[in-house]
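Here is the structure we will look at.
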Amino acid sequence: MDLRTRYLGLSLRNPIIASASPLSGDVGVIRQMEDSGAGAVVLPSLFEEQIQQEERLAYELTSISADSSPEASSYFPAAVAHNPGPHGYLDLIARARAAVDMPVIASLNGTTVAGWVDYARLIEQAGATALELNIYRIAPGASVTGAEAEANCVALLKAVRSQVKFPIAVKLHPHFSAFGDFAQRLDHAGADGLVLFNRLYQPDIDLVRLSWSNDVSLSNPGEIRLGLLWLSLLAGRLPRVSLAAGTGVETSSEVIKYLLAGADAVMTASALLRHGPKHLRSLVSGLETWLSARGFASVSDIKGLMRLTHPEAETEAHERSNYIESLLTYQSPYVRQ
Ligand SMILES: Cc1cc2nc3c(=O)[nH]c(=O)nc-3n(C[C@H](O)[C@H](O)[C@H](O)COP(=O)(O)O)c2cc1C
């Protein structure tokens, strides 16, 4: 069975990628991911704020006279084990690359076009195979229009693109309007791939303490539907850009559905956090078993098989009619037929 796929111009042995999470900040776990069949790994993000903070602290430290307190290093915040901050990040890339043969994709998370984008060059020099640019911004104020928010993302991609030659994927949340046009503009700005979708931070309210709780809730398979829809709409329409699916994988069924919709690669974080890196084995073997049971010889045979092929002008009417039909045919024991 040929499980190979191409993503960002890279050849992966199979389409299943361990997505950015605390697990991929540990080189021992990255090795287990490779042993369990991962096609590639994305490291946890290095955040714009971390880089700016390190630069600010370095400036403050060099402004202090040489014989001042040796405790100066305590000005630096304690690093979180899986995310060692800017300096340790380059080291993590180098160690991960030395430990495994699969592609190691670094991740930068920022919102502004500023000096920190130089970091993309350092990440490339440290040996990362590719870069995932996690553009995570919400525009809560009334002063930023949707067009401006999208233009900022495109400008940010262009700024990073100008620093490096290696492939760049852009990881996006689903809350952009006119997503088809936005995807095309990212393509023209030099994206090699899009990751659909990241999950927005969604806080909850603790009714006992009357306080916000910002714990992360892991995803579930019901969340793949928005990604399925957009992958099936975009697949084949952006020939230069590869597409990765990004949310809700729990079993190989979600992997297969995403591939059928048009994904070139499928990422998973929650399932690995829930079940451990060895879970990758069951995702890969489930995909293989399904392909051979259905008589397919390769992943390429099913990629985009279910994508929407209507002419662009008819797509909206088609989707609208599906939407109306789904509402009108809904059945409940409490609704009189
Ligand atoms: C605990 C945790 C940490 C994460 N850290 C990052 C990160 O550093 N960078 C990033 O781009 N995404 C991060 N993500 C998002 C995941 O990579 C992924 O896009 C998201 O969880 C959706 O995939 P899933 O449904 O398989 O969890 C994190 C997710 C979780 C649950």
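Bear in mind that the values in this text are calculations on the coordinates, not laboratory data. The model shown is predicted, which means the values in this text are computed figures rather than measured ones. Virtual Cβ from ideal backbone geometry, glycine too; neighbours counted across all protein chains shown.
For SER242, the residues whose amide H sits under 5 Å from its own are LEU8, GLY193, LEU194, ignoring neighbours fewer than 5 places away on the same chain, with H placed 1.01 Å from N. Return the inverse of the average 1/r over all pairs of distinct C-alpha atoms in region 223-273, which is the Kirkwood hydrodynamic radius, in Å to one decimal. Here the Kirkwood hydrodynamic radius works out to 10.8 Å. Among residues other than GLY304 with Cβ under 11 Å from its Cβ, the summed charge is +1 (Lys and Arg +1, Asp and Glu -1).
Maximal additional length on extending the ALA155-GLU49 stretch stands at 36.3 nm, based on 0.36 nm per residue less the C-alpha distance. Computed on the chain, with alpha-carbon pairs under 8 angstrom and 6+ residues apart, the relative contact order is 19 percent. Take the Cα of GLN125, step 7 Å toward its Cβ, do the same at LEU218, and the gap between the two points is 3.9 nm.
Cross-link reach is defined here as a Cα-Cα straight distance under 16 Å, omitting same-chain residues fewer than 8 places apart; for LYS257 the aspartates and glutamates meeting it are GLU223, GLU288, ASP301. Of the beta bridges in the chain, as assigned by DSSP with both residues counted there, near 20 percent are antiparallel. What are the residues whose amide H is under 5 Å from the amide H of ALA20, where those residues sit 5 or more places off or on another chain and H is modelled from the backbone? Residues meeting the amide H criterion: VAL42. For TYR136, nonlocal amide neighbours, meaning residues 5 or more places apart or on other chains whose placed amide H falls under 5 Å from its own, are GLY110. Averaged over residues, the count of other Cβ atoms within 10 Å places the peptides 92-105, 1-14 in the sequence 92-105, 1-14, highest first. Every pair of different Cα atoms in region 227-306 enters the Kirkwood calculation, which places the hydrodynamic radius at 12.8 Å.
Centroid-to-centroid, using Cα positions, region 125-199 and region 202-278 are 18 Å apart.
Counted residue by residue at 0.36 nm each, then reduced by the alpha carbon distance between them, the extension gain from LEU57 to SER253 reaches 65.8 nm. I'd like the Karplus ³J(HN,Hα) series for region 136-144: coefficients 6.51, -1.76, 1.60, θ = phi - 60°, whole numbers in Hz, and an x wherever there's a Gly or Pro. Once θ is set to phi - 60°, the couplings for region 136-144 become 10, 9, 10, 10, x, x, 7, 8, 10 Hz. Would you list which aspartates and glutamates come within 12 Å of LYS278, measuring only between C-alpha atoms, while excluding same-chain residues fewer than 8 positions from it? Answer for LYS278, where 12 Å is the Cα cut-off: GLU34, ASP35, listed by chain and number.
Comparing ALA169, ALA269, ALA147 in a Gaussian network model of the chain where C-alpha atoms under 10 Å apart are linked, the largest mean-square fluctuation is found at ALA147.
Within a Cβ distance under 15 Å of GLU319, other residues only, what is the Lys/Arg minus Asp/Glu net charge? Once positives and negatives cancel, what remains is 0.
Taking every alpha-carbon pair within the chain, the share separated by more than 24 Å comes to 59 percent. The fewest-to-most ranking of ASP26, ASP301 by surrounding Cβ atoms within 10 Å reads ASP301, ASP26. Charge tally around GLU34: other residues with Cβ under 10 Å, Lys/Arg +1 each, Asp/Glu -1 each, net 0.
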